[in-house]
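Take a look at the structure set out below.
The numbers here are math on the coordinates, done by the rules we state, and not lab data. Note that the coordinates shown come from a computational prediction; the quantities given were computed from them, not determined experimentally. Reconstructed Cβ throughout: ideal geometry from the backbone, glycine too, with neighbour counts over all protein chains shown.
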Amino acid sequence: MTAVRSVVAGATVLFTDRSGGVSEGWFASANLSTQVGDDPGAVAENRRRALAALDGRHALGSAAGELRTVWVGADQRHGNDVAVIDAAAVALHRGGLAHEALPAVDVLVTACPDAVLVMLGADCAPLALIGDRAVGAAHVGWRGLAVGAVGAAVAALRSISPGSIRALAGPTVGPCCYEFAVADLNRMSERLGPHVEASTTRGRPALDLPAGIRIELAKAGVDDVIELGVCTACSPRYFSYRRDRTTGRHAVLVRHDPPVAQ
Ligand SMILES: [Zn+2]
């Protein structure tokens, strides 16, 4: 996996890409979604590899031993609902949950160091939020942006971790490739401001999703933002729904690392 791994104060964050997995065809090779028609066994192996990569273990395919951390995903709905993952929720996820049993949210926050929060995407932005005492993961596309998912995510994290928040924004469809109907673009512009209006490389009206996320983060008081700055539809390294329709999902994985007592 040539995933992008960031170790920052209080957290480890991994943005996966398509590489280093065992899925085939449209899902080659590191698809992490069970909801797109891929072989469940392949997805399970890809998730195991992603967790190992988060830990900084790159001996893929080897017997890496038992992982302490737990994959905590969501039934993503393009909304602004939030789930707070406490120890009881981590225990439920540790046993493995059917997709239908997952929290139907697009924002997860936790202070539990055993939980690895996961949000999947294939053009929508996977977002990591890092606080002093907790972390969050969010899935933000245009619909999430329109219903205030970014602000909801920041508020939820602040409720369990007051203080400063840093954001890491993953691969997402850029304005270069995100043609948008004028009426829809106008609505987004009215809600978020004119900076979300852009043009594709072919000169068509486009939504600047990364700009929208920056605007919403700034409104919520988060100015410390690191962006991967790569367009999923331009880069063959990433899954892109807009480009391929039938495709897999990459992800952001976020784990809270409490300071170690000296
Ligand atoms: Zn592009």
HN-Hα J in Hz across the range 221-231 - Karplus 6.51, -1.76, 1.60, θ = phi - 60°, x for Gly and Pro:
x, 10, 10, 8, 10, 10, 10, 5, x, 10, 8
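Relative contact order for the chain: what percent, with Cα pairs under 8 Å and sequence separation of 6 or more? Each step should come with its number before you reach the end.
On the way: 633 pairs, mean separation 62.4, N = 262.
With pairs under 8 Å counted, the relative contact order is 24 percent.
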Which ³J(HN,Hα) values in Hz, rounded to whole numbers, follow from the phi angles of the range 243-258 under the Karplus curve 6.51 cos²θ - 1.76 cosθ + 1.60, where θ = phi - 60° and Gly and Pro get x?
7, 10, 6, 7, 7, x, 9, 8, 7, 10, 10, 10, 10, 7, 10, x
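Arrange the peptides 43-53, 168-178, 121-131, 79-89 so that the one whose residues have, on average, the most other Cβ atoms within 10 Å appears first.
Numbers: 43-53: 20.5, 168-178: 24.1, 121-131: 27.4, 79-89: 17.3.
Top to bottom by mean Cβ count within 10 Å: 121-131, 168-178, 43-53, 79-89.
Indicate, rounded to the nearest 5 percent, the antiparallel portion of the DSSP beta bridges found entirely in the chain.
On the way: 34 of 46 bridges.
In the chain, approximately 75 percent of DSSP beta bridges are antiparallel ones.
Cα gyration tensor of the range 1-132, axes a ≥ b ≥ c as square roots of the eigenvalues: rounded (a/c below 1.5), prolate (a/b > b/c) or oblate? Don't jump to the answer; show the numbers that get you there.
On the way: a/c = 1.41, a/b = 1.18, b/c = 1.19.
Judged from the Cα gyration tensor, the range 1-132 comes out rounded (a/c under 1.5).
May I ask for the Rg/Rh ratio of the chain, computed from Cα atoms with Rh as the Kirkwood radius, given to two decimals?
0.95
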Could you grab the relative contact order for the range 83-176? Cα pairs under 8 Å, six or more apart, rounded to a whole percent.
29 percent
Environment charge of Ala74, counting only residues whose C-beta is closer than 11 Å and scoring Lys/Arg +1, Asp/Glu -1:
-2
Can you list residues from other chains, or at least 5 along the same chain, whose modelled amide H is less than 5 Å from the amide H of Ala11?
Asp257
Would you mind putting 250-257, 146-153 in packing order, based on average other-beta-carbon counts within 10 Å, highest first?
250-257, 146-153
